[in-house]
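**Student:** The structure's right below; bear with me while I get my questions together.
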Amino acid sequence: MPKIRDLLSNNKHWATKKTDVDPKFFERLAAQQKPEYLWIGCADSRVPANEIVGLDPGELFVHRNVANQVIQTDFNCLAVVEYAVVQLKVKHILVVGHYGCGGVAAALESQRHGIVDHWLHPIKDIYREHESALVDLPAPAQFDRMCELNVIEQVHNLSKNYIIQEAWARGQSLAIHGWIYSIRDGVLKDLGVTIRGRDAVEPIYQFGPDEESDD
Ligand code: CO
C-alpha cells in the first residue's frame, strides 16, 4: 500500500508524463471542459470511472455515490445531472453499477449498518418489486441480478426527471445507458436498457409541455 507522501510524488510523475506526451494538455484543459459523457457510478474504489473506459481528464463528468443511486430528492446528484445536461450538454449518461456491490449486499441484509441504510432503502424496494423472479435464485445469482436491476432502476429514475425530459423536449440528443462492471475481470457489460426519449417513460412520470395560454 503506498504511503500518503507517495501520492504526491505519484502525482508529479503523472503530470510530467502527461505533458511529455502532449505539452499543451493542461493548458487546453484549463481553458474549458467539454465532456460528452456523464458517469453515475458507485463510490467503490475498485470502479475508477475514467480508467475503465480509457478517458482522459476533461472527457468524463463524474458523479459517484454508494450503490450508484439516482434519488429524486438528492440535490447532489441532481445538481450534477442538471449541470451536465443543461450547461455541458453531454450526449450520454452512463449509469454504471458493478457486480459484488457492497451497497446492494447491505440492502439485502436485515442487519443495521447505520446512516447508509437510509440511503440504500430504495434498493429494498427494487427487491420487493422483483421478488417473484428473485426468490428462487441461488444466493450468488440473486445478488448478481439485484446489482443489474439496481442499475436498470436508476436508468428509469433518471428518465423520470424533468431535467432530462426538458432536454429531450428541446430536441437535445441525450441517451441514458445502463452498464454493469465486473470487478473480477474488469469488463463492462451493456445491459441493453438505453432510453433516448420521453416515449419510453411511463405516462405518470412524464412532464408535458406547459399548457398554452391565449391570454
Ligand atoms: Co458498489
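Table: residues versus (1) farther than 21 Å from Arg64 by Cβ; (2) outside any loop (DSSP other than H, G, I, E, B); (3) of a type outside the set (A, V, I, L, M).
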residue	(1), (2), (3)
Leu137	yes, no, no
Ala141	yes, yes, no
Leu149	no, yes, no
Ile152	no, yes, no
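**Student:** Yes or no: region 155-165 includes at least one residue that is under 27 Å from Pro35 (Cα atoms) and in contact with a Ser or Thr (Cβ under 7 Å, 6 or more places away or on another chain).
**Tutor:** no
**Student:** Is region 62-72 home to any residue that is in contact with a Pro (Cβ under 7 Å, 6 or more places away or on another chain), modelled with pLDDT of 95 or more and charged (D, E, K, R)?
**Tutor:** No, region 62-72 has no match at all.
**Student:** Of all helices (runs of 4 or more DSSP H) completely enclosed by region 14-129, which ones contain at least 3 residues that are free of Cβ contacts under 8 Å to residues at least 24 places away in the same chain?
**Tutor:** Filter on region 14-129 gives 25-31, 75-82, 116-129.
**Student:** Same structure again: Taking region 31-47 on its own, how many of its residues are in contact with a strand residue (DSSP E or B) (Cβ under 9 Å, 6 or more places away or on another chain), within 16 Å of the ligand (Cβ to nearest atom) and open to solvent by 40 Å² or more (accessible area, probe 1.4 Å)?
**Tutor:** 2
**Student:** Of the residues Arg28, Arg64, Arg112, which is within 15 Å of the ligand (Cβ to nearest atom) and open to solvent by 80 Å² or more (accessible area, probe 1.4 Å)?
**Tutor:** The conditions single out Arg64.
**Student:** Looking only at region 76-102, which residues are near the ligand (Cβ under 10 Å from one of its atoms) and open to solvent by 10 Å² or more (accessible area, probe 1.4 Å)?
**Tutor:** Tyr99, Gly100, Gly102
The values are calculated or read from the model by the stated rules, or taken from the named source; none is laboratory data. Since the structure is predicted, the reported quantities are computational estimates derived from the model, not experimental observations. A quick note on method: Cβ atoms are made from the backbone with ideal geometry, for glycine too, and the neighbour counts reach across all protein chains shown. Side chains are part of the model used for accessible areas, which takes the heavy atoms of the whole protein and leaves out ligands, DNA and RNA. Shrake-Rupley method; radii C 1.70, N 1.55, O 1.52, S 1.80 Å.
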